[in-house]
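Asks: Before anything else, here's the structure in question.
The values are calculated or read from the model by the stated rules, or taken from the named source; none is laboratory data. No experiment lies behind these values; they were computed from the predicted model shown. Don't worry about glycine lacking a Cβ; one is built from the backbone with ideal geometry, like all the others, and counts go over all protein chains shown.
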Amino acid sequence: MAQHRVKSVEASLRDTEQPEHRLSRNLSALDLTVFGVGVIIGTGIFVLTGVVAKTQAGPAVAISFVVAGVVCGFAALCYAEFASTVPVAGSAYTFSYATFGEFMAWIIGWDLVLELALGAATVSVGWSGYFNQLLGDLGIPLPASIAGETATVNIPAMFIALLMTGVLVLGIKLSSRVTTVIVAIKIAIVLLVIVLGLFYINAANYQPFVPPAQPGTTGGSTLTAPLIQLIAGFTPSTFGVGGIFAGAAIVFFAFIGFDIVATAAEETKNPKRDLPRGIIASLAICTLLYVAVSLVVVGMQNYTQLSTDAPLAEAFRSVGLPFVSALISVGALAGLTSVVMILMLGQSRVLFAMSRDHLLSPGLGAVHPRYRTPYRITILTGVIVAVLGGLVPLGTLAELVNIGTLFAFVLVSIGVIVLRRTRPDLHRSFRVPWVPVLPILSAVACLWLMLNLPAETWLRFAIWMAIGLVLYFVYSRQHSRLAPGAAGGAGEELRRTAPMGGGAPLAGGEPLGRGAMPPAGGAMPPAGGGGPPAGGGGRGDEPR
């Protein structure tokens, strides 16, 4: 039965050492932090600040960012524990396989396609719009039929997707270097905006900091209304304390992406130490930048006068600094470039993990002999993103990215509690504090934000999941490595819940010691060959 197909943590770790599936370990905690910042900071910092300040929270938009950052922080702590315990490609998919079993792992893997592939396609369309805007400033705009959100065939969107695919195929270290350069550019521009803006702040614009509450709108038609409104008849208010939390539900989506860091687990030198650092550091840095930018923009221009399309650019125009708007466009373009690449990186690693488990065709998971990247999956991902970005008008489908991400957050949060109970023997380099209270808070907060999404988004989400269920029962369930009779499958990989304080049994009946890992055909060497583990210390029985 599907519910008994739980792939043990030890089995997942053994898979990372198979020569045909071994990825190159080149990433440090700094590289992971750069990846996190690279994917989190996109257009959100340049757009959402003004939208939420003008329509929901007023100058208190900074508090909205703090609230959203705290909610993401809860989920980030849960991701950090899982990533340090199960440092395997696939992120929430792999975590779910070790806790809930194969069926839920497939569900979450299918769900992540919404967050990653559709997200990358959506961002590539935004990249095309900014790129054409810059060309227009230079006097050489592309025709609207081939560039921008209304294009028939969006050539720039396809170009950036395929270019970033090439970078990803050529190696994780090159991807890291490209991301570092891009992130340095956009961070420099964001800091310039903050520093310049400080000189043009008018303290009167902060009054009132929390504008008086006003009744919210009904949300239009039934399907466009938030689901919570249809269930409970509750209409979120604008401004006041309610507006701060309603704003948090919107700006939350400016934080989406820190979970991508966990997908690079197999390419990290010391994942048990560096993954928690990279996840938490990237989220903390971005929260500080978001709060600083939001305080500057509402200080420069009264929140009632802010633009909802380009609030930062308009704020600087309002104080006589129009040249800064061009810099903001460059920053947004750089930001979107790294977002497209890192979302495709995350998508390819999730599909790679699913292919290795034979839930997708195993041939797709081949690793390039020279570059040590899953090149077939990466190229397939790039082509799909390019086609979606170039030909499909995405529109409100972008909201599917949000519901897919939040669903993954809910499962990971619950998974921490489940794995603590079923496998207390596992060595955890990072442990979420206050379990089960904090993971429960994380799951409830994410579920609340999901309920604030439109009903039509939930309907599309249900349709997408139904398609995934058909694929699972038609193909993946029969071909899984854990299917009865599969080579090296059910007899070796299935495990029962480990007894409290004890180890999980190995295939040969040998008990597994606390936190130890079984050898796969002998002693397990560190990735990359012989020599001591990275850092020269730590547990000798854990992969580095």
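Asks: Please tell me if GLY90 is closer than 30 Å to ARG22 by Cβ and modelled with pLDDT of 90 or more.
Replies: It is false that GLY90 is closer than 30 Å to ARG22 by Cβ and modelled with pLDDT of 90 or more.
Asks: Then there's this: Against the condition modelled with pLDDT of 85 or more and surrounded by 24 or more Cβ atoms within 10 Å (Cβ to Cβ), how does TRP110 come out, does it pass?
Replies: no
Asks: Please go through (1) assigned to a helix (DSSP H, G or I); (2) hydrophobic (A, V, I, L, M, F, W, C); (3) more than 23 Å from PRO211 (Cα to Cα) for ALA292 and return the number of the only condition it doesn't satisfy.
Replies: (3)
Asks: Also, quick follow-up: Take the residues in the range 239-269 that are among the aromatic types (Phe, Trp, Tyr) and assigned to a helix (DSSP H, G or I); name whichever of them is farthest from GLY50 (Cα to Cα).
Replies: Checking each candidate, the answer is PHE258.
Asks: Within the range 338-356, track down each residue that is buried (at least 24 other Cβ atoms within 10 Å of the Cβ), touching a Pro at 6+ places or on another chain (Cβ under 7 Å) and of a type in the set (S, T, N, Q).
Replies: The answer is SER348, and nothing else.
Asks: For the list (1) among the aromatic types (Phe, Trp, Tyr); (2) under 25 Å from LEU345 (Cα atoms); (3) in contact with a strand residue (DSSP E or B) (Cβ under 6 Å, 6 or more places away or on another chain), I need the number of the one condition that PHE252 fails.
Replies: It is condition (3) that PHE252 fails.
This table checks each residue for (1) without any contact (Cβ under 8 Å) to a residue 40 or more places away in the chain; (2) closer than 22 Å to ASP274 by Cα; (3) out of contact with any Pro (no Cβ under 9 Å at 6 or more places or on another chain); (4) of a type in the set (D, E, K, R).
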{"residue": "MET104", "(1), (2), (3), (4)": "no, no, yes, no"}
{"residue": "LEU112", "(1), (2), (3), (4)": "no, no, yes, no"}
{"residue": "LEU116", "(1), (2), (3), (4)": "no, no, yes, no"}
{"residue": "GLY136", "(1), (2), (3), (4)": "yes, no, yes, no"}
{"residue": "PRO143", "(1), (2), (3), (4)": "yes, no, yes, no"}
{"residue": "GLY148", "(1), (2), (3), (4)": "yes, no, no, no"}
{"residue": "ILE155", "(1), (2), (3), (4)": "no, no, yes, no"}
{"residue": "ARG177", "(1), (2), (3), (4)": "yes, yes, yes, yes"}
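Asks: Kindly evaluate SER12 against the criterion of being more than 16 Å from the chain's Cα centre (by Cα), in a helix (DSSP H, G or I) and within 23 Å of ALA262 (Cβ to Cβ). Steps first, please.
Replies: Working: more than 16 Å from the chain's Cα centre (by Cα): yes; in a helix (DSSP H, G or I): yes; within 23 Å of ALA262 (Cβ to Cβ): yes.
Criteria met by SER12.
Asks: Turning to a different aspect of this structure: Out of everything in the range 268-296 that is under 18 Å from the mean Cα position of the chain (by Cα) and polar (S, T, N, Q), what residue ends up being surrounded by the fewest Cβ atoms within 10 Å (Cβ to Cβ)? Quick ask: steps written out before the conclusion?
Replies: Here is the first cut: in the range 268-296, the residues under 18 Å from the mean Cα position of the chain (by Cα) are 268, 271, 274-287, 290.
Subsequent filtering for residues that are polar (S, T, N, Q) retains 268, 282, 287.
Numbers: THR268: 28, SER282: 27, THR287: 20.
The selected residue is THR287.
Asks: Name the residues in the range 324-342 that are over 25 Å from the mean Cα position of the chain (by Cα) and modelled with pLDDT of 80 or more, would you? I'd like the intermediate steps shown before the answer.
Replies: Just the residues of the range 324-342 that are over 25 Å from the mean Cα position of the chain (by Cα), to begin with: 324-327.
Result: VAL324, LEU327.
A quick yes/no check of all residues on (1) within 29 Å of PHE131 (Cα to Cα); (2) under 14 Å from the mean Cα position of the chain (by Cα); (3) buried (at least 24 other Cβ atoms within 10 Å of the Cβ):
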site	(1), (2), (3)
LEU23	no, no, no
SER28	no, no, no
VAL37	yes, yes, yes
ILE40	yes, yes, yes
THR55	yes, no, no
CYS72	no, yes, yes
ALA76	no, yes, yes
THR99	no, no, yes
GLU102	no, no, yes
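Asks: Report yes if some residue within the range 304-317 is surrounded by fewer than 24 Cβ atoms within 10 Å (Cβ to Cβ), in a helix (DSSP H, G or I) and under 24 Å from the mean Cα position of the chain (by Cα); otherwise report no.
Replies: No; the residues of the range 304-317 include none that is surrounded by fewer than 24 Cβ atoms within 10 Å (Cβ to Cβ), in a helix (DSSP H, G or I) and under 24 Å from the mean Cα position of the chain (by Cα).
Asks: If you don't mind, there's one more thing I want to ask. Condition test on ALA353, is it in contact with a Ser or Thr (Cβ under 7 Å, 6 or more places away or on another chain), touching a residue at least 40 places away in the same chain (Cβ under 8 Å) and in a helix (DSSP H, G or I)? Working first, answer last.
Replies: Details: in contact with a Ser or Thr (Cβ under 7 Å, 6 or more places away or on another chain): yes; touching a residue at least 40 places away in the same chain (Cβ under 8 Å): yes; in a helix (DSSP H, G or I): yes.
When the stated conditions are applied, ALA353 passes them.
Asks: Given (1) in contact with a Leu (Cβ under 7 Å, 6 or more places away or on another chain); (2) more than 25 Å from SER64 (Cβ to Cβ), identify the lone condition not met by LEU170.
Replies: Checking LEU170 against (1) in contact with a Leu (Cβ under 7 Å, 6 or more places away or on another chain); (2) more than 25 Å from SER64 (Cβ to Cβ), the one that fails is (1).
Asks: Hey, among the residues in the range 357-391 that are over 23 Å from VAL474 (Cβ atoms) and small (Gly, Ala, Ser), which one's surrounded by the most Cβ atoms within 10 Å (Cβ to Cβ)?
Replies: In this case the residue turns out to be GLY389.
Asks: For residues in the range 11-64 being under 30 Å from TYR371 (Cα atoms) and of a type in the set (Ser, Thr, Tyr), which is modelled with the highest pLDDT? Steps first, answer last, please.
Replies: Step one: filter the range 11-64 for residues under 30 Å from TYR371 (Cα atoms), giving 11-42.
Imposing the further condition that a residue be of a type in the set (Ser, Thr, Tyr) reduces the set to 12, 16, 24, 28, 33.
Values: SER12: 88, THR16: 80, SER24: 79, SER28: 88, THR33: 92.
Of everything passing the filter in the range 11-64, THR33 is modelled with the highest pLDDT.
Asks: Can you tell which of GLY299, GLY320 is out of contact with any strand residue (DSSP E or B) (no Cβ under 7 Å at 6 or more places or on another chain), in a loop (DSSP other than H, G, I, E, B) and either at positive phi or buried (at least 18 other Cβ atoms within 10 Å of the Cβ) (or both)?
Replies: GLY320
Results for (1) more than 30 Å from ALA248 (Cα to Cα); (2) hydrophobic (A, V, I, L, M, F, W, C); (3) free of Cβ contacts under 8 Å to residues at least 60 places away in the same chain; (4) in contact with a Leu (Cβ under 7 Å, 6 or more places away or on another chain), shown as yes or no for each residue.
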| site | (1), (2), (3), (4) |
| --- | --- |
| PHE407 | no, yes, no, no |
| VAL418 | no, yes, no, no |
| VAL432 | no, yes, no, yes |
| VAL435 | no, yes, yes, no |
| PRO439 | no, no, no, no |
| LEU453 | no, yes, no, yes |
| LEU471 | yes, yes, no, no |
| GLN478 | yes, no, yes, no |
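Asks: Let me ask something else. Run VAL88 past the list (1) closer than 17 Å to VAL416 by Cβ; (2) assigned to a helix (DSSP H, G or I) and report the number of the one that doesn't hold.
Replies: All conditions are met except number (2).
Asks: Quick one: which residue in ALA188, ALA203, ALA246 is at pLDDT below 85 and not hydroxyl-bearing (Ser, Thr, Tyr)?
Replies: Just one listed residue meets the conditions, ALA246.
Asks: Hey, another quick one. Among (1) within 16 Å of LEU333 (Cα to Cα); (2) surrounded by fewer than 24 Cβ atoms within 10 Å (Cβ to Cβ), where does MET164 come up short?
Replies: Only one criterion in (1) within 16 Å of LEU333 (Cα to Cα); (2) surrounded by fewer than 24 Cβ atoms within 10 Å (Cβ to Cβ) is unmet by MET164, namely (2).
Asks: Looking for whichever is out of contact with any Pro (no Cβ under 9 Å at 6 or more places or on another chain), part of a loop (DSSP other than H, G, I, E, B) and of a type outside the set (S, T, N, Q) here; the options are GLY42, GLY36. Which one fits?
Replies: GLY42
Asks: Residues in the range 423-480 that are part of a loop (DSSP other than H, G, I, E, B), over 21 Å from the mean Cα position of the chain (by Cα) and not polar (S, T, N, Q): how many?
Replies: Going residue by residue through the range 423-480, those that are part of a loop (DSSP other than H, G, I, E, B) are 423-436, 452-453, 480.
This time we only want the ones that are over 21 Å from the mean Cα position of the chain (by Cα), so: 423-429, 433-436, 480.
From what is left, the residues that are not polar (S, T, N, Q) are 423-428, 433-436.
Total meeting the criteria: 10.
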